[in-house]
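Q: Sending over a structure as structure tokens; questions will come in a sec.
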Amino acid sequence: LYHLGATGFLLDHQQHVALSTQQKMMLNQAKEQAALDKASVNRSVQEAEQDLWMLTAADQPDNAQIEAKVMEIAKLEGDARLRFIGAIGEAGKLLTDQQRQILTGFAPPAPAAPMAPMKGM
């Protein structure tokens, strides 16, 4: 379900599952919040990258400060990725069990339609 929701918070699978109006609204809110979070993290990473630029441009770069800044950037990006994955998981909880089963391919097969008798038989 995480892979299916990574692009559009499951909103791009409306043709597979009938989302209620409330589900669409809540999924849209989750998607918007994730976009805001990503933008905020991107700003923080850009600021840290600028700090790193300054550290590496110094006449005598301090390797400990450079290492700390690189680790800070990695933590910002890693934490953001984990929050995004968590948000996708929470979005999946907005679906019914049946909707999740349909999307993951674990839904029981639909009953076959009765076949019309063939003419001449």
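The values are calculated or read from the model by the stated rules, or taken from the named source; none is laboratory data. Computed from a prediction, not measured in an experiment: that's the story for all the values here. Here the Cβ is made from the backbone with ideal geometry for all residues, glycine too, and neighbour counts use every protein chain on show. Ligands, DNA and RNA are stripped out before the accessible areas are found, and what is left, the full protein with its side chains, is counted by its heavy atoms. Shrake-Rupley method; radii C 1.70, N 1.55, O 1.52, S 1.80 Å.
Q: Can you pull out every residue in segment 58-72 that is small (Gly, Ala, Ser) and part of a loop (DSSP other than H, G, I, E, B)?
A: Result: Ala58, single match.
Q: Can you find even one residue in segment 47-54 that is within 11 Å of the chain's Cα centre (by Cα), surrounded by 16 or more Cβ atoms within 10 Å (Cβ to Cβ) and more than 14 Å from Arg100 (Cα to Cα)?
A: no
Q: Could you please find all residues in segment 65-105 being within 17 Å of Leu19 (Cα to Cα) and of a type in the set (Lys, Arg)?
A: Those that are within 17 Å of Leu19 (Cα to Cα) and of a type in the set (Lys, Arg): Lys93, Arg100.
Q: Here is a further query. Residues of segment 1-21 being open to solvent by 50 Å² or more (accessible area, probe 1.4 Å), closer than 11 Å to Leu95 by Cα and in contact with a Gly (Cβ under 9 Å, 6 or more places away or on another chain), which ones?
A: Leu1
Q: Check off (1) loosely packed, with under 14 Cβ neighbours inside 10 Å; (2) farther than 25 Å from Leu103 by Cβ; (3) of a type outside the set (Ser, Thr, Tyr) for Gln29 and give me the number that stays unchecked.
A: (2)
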